[in-house]
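Written below as C-alpha cells is the structure these notes are about.
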C-alpha cells in the first residue's frame, strides 16, 4: 500500500503536487518493513494565462472576407484563419469562425473565438455591432467576462447580464455573447476557465472596448471587471472601478494590472477613431402671430440643412403654425448625437394685448470662452433683460458654463424671449460653433438696408457676401438680399 503526503494518488502516479512541496511516500508491504521515501520538490512555474480581448467583426473592402480586432498583454498571437497584422486579423474567409490565441509559453495560452458575419455587406443595409469580449475572470465556482457593444441587443446562453458584464457563469459552462442588430449579428465564444483555484493561473482582469463615446467630444471608453486586490492604472482618460472614459481619439490606452504575488500585466488597447461633434451654428427668434391669431411662427437660420422643430411646421427659414401657449425648440442636426437646440417662448396673446408689437428678438447659440460663454442678440424694440451674464451692446457675456440663459425683450405687454442651454465640451477644439449670430434687423437710416450682429472666437475669420463687414457686425445689407457668411477656424470645418 502506498500513501502520499500531497497531490492526488492513483494506482500508478501522484499528480497535482504543489511546486516547492516535497512529497513523502509511505510504502507498506505485509511482512516487510515500512518504507518512507521523500521525493524532493520540483520547481514548476504556474501558467499565468494571458489577458485577451477580441471582437469588432468587420467586412473587408472585397466583401468576401472579414477582419476582427484583438489586444493582449502578450505579443505572441496566432489565429486559426486570416492574417495577424498589428492589432487585427484580416482576410478571414466569410463563413469561417476565427479563434485567436494569446500564447504565454508552452501549454499556457488563452483563446477566444469570433463568429463570422453572415453576409458582407450586412443584409438589408444593416450594420454589424462592434462587439468586444474579454477572457474569463474566475470567482470561486463561477466566472465572468466584460463585454461592450455600440449597437444591438445582447443575449447570452449562460450567466446573467449586468451592465457591461456577464456574471455567475458556472465553471465548466462555455459562453456565447451575441449582439443582434436586425439581420446583422456579432458573436464571441468564450470557453470556461480551468484552474480557478490556482492563484495567478487566470487573468485577474477582463477588458472590453474600445467604444466611441456619444458626448461628441471625440473620445472613447473601455470597460473592465477585475478580481479583488488587483490594482489597475491607466495612461489616459478617467479611471473608475469598472471603466476608463474620456480617452482621446487616436490615443492608445495602456493599462497596467498589478495583482500581489502574480506577474504584472501591461495591456495596450488600440485607439478608437472618434469624430468630434462640430455642433451647428444656429440663430432663432422673431416670434410673430400668424394670420389666424391662434398660432405663431418663428425664424431660424443655420449652417446645416437638417432642422427639426418640437411644434409647428418647418418651411424654408421659418417654423409656422405653432400653437399659442406652446414653446418651440428648434434643433439643427449635424449627425448622430451632434445637435444644437434653442427654444423660443410663445407670444402671450395674438394680437398683442393693448395693440403692442412683439419685439423681433433673435439670439444665436453659445460661443465658449474658457469657463464662461456668450451669445449675440439683436432686437428692434423692447428692453433687454437676462437671467445670467452681463449685457454689453448686442452681446450677453460672462455666463458661467453650466448656467442656462434666457434673453427677454419687453415692449409693454408684448414679451419675446429665447432660452439658450449652456454649452458642453468647451475644452474640445471645434466642438462648438466659433460664432454666434443675431439679426436681421432693419436699419433706421432710411436706406432700405438691414444689419446683423455677431461675436466670434479669436482666430476665426468671417467673410460676408454683401454689406460692410466689421469685427462685430455686417451693416448696409440691401433689403431682399440674403447674406452669406463664411466662417473659417483653423483645424475645424468651414461653416
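At a glance:
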read-out	value
Segment residue 314-residue 173, extension gain: residue separation times 0.36 nm, minus the distance between their alpha carbons	45.1 nm
Estimated FRET transfer efficiency (residue 486, residue 83; beta-carbon r; R0 45 Å; 0.05)	0.45
Whole-angstrom gap from the range 335-374 to the range 249-315, using each part's C-alpha centre	20 Å
The range 423-441 versus the range 25-76: alpha-carbon centroid distance in Å	56 Å
Whole-Å distance, taken between Cα centres, linking the range 123-145 and the range 473-495	49 Å
Gyration tensor (alpha-carbon) shape descriptor, the range 191-309, a/c threshold 1.5	prolate
Computed E for residue 183/residue 337 - FRET, C-beta separation, R0 22 angstrom, nearest 0.05	0.35
Prolate/oblate/rounded label for the range 286-422 (Cα gyration tensor, a/c 1.5)	oblate
Extension gain, residue 75 back to residue 2 (0.36 nm per residue minus Cα-Cα distance, nm)	21.7 nm
Long-range tail of P(r) for the range 110-158 (Cα pairs > 13 Å, %)	70 percent
Taking all pairs of distinct alpha-carbon atoms in the range 52-269, Kirkwood radius in angstrom	17.5 Å
Relative packing of 341-351, 444-454, which averages over residues the other C-beta atoms within 10 Å, highest first	341-351, 444-454
Among 161-170, 460-469, the order from most to least packed when residues are scored by Cβ within 10 Å on average	161-170, 460-469
Cα gyration tensor shape of the range 430-470, rounded if a/c is under 1.5, else prolate or oblate by comparing a/b with b/c	prolate
Nearest-0.05 FRET efficiency for residue 13 and residue 141, computed from C-beta distance (R0 22 Å)	0.25
Peptides ranked, highest mean first, by Cβ atoms within 10 Å: ranges 388-397, 31-40	388-397, 31-40
Order of 485, 361 - criterion: other Cβ atoms within 10 Å of each residue's Cβ, fewest first	485, 361
Computed lengthening from residue 37 to residue 404, 0.36 nm per intervening residue step minus Cα-Cα distance	123.8 nm
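No value in this document is a laboratory result; all are computed from the given coordinates. Just so we're clear, the structure is a prediction, and the values are computed from it rather than from any experiment. Ideal geometry is used to build each Cβ from the backbone, glycine not excepted, and the neighbour counts take in all protein chains shown.
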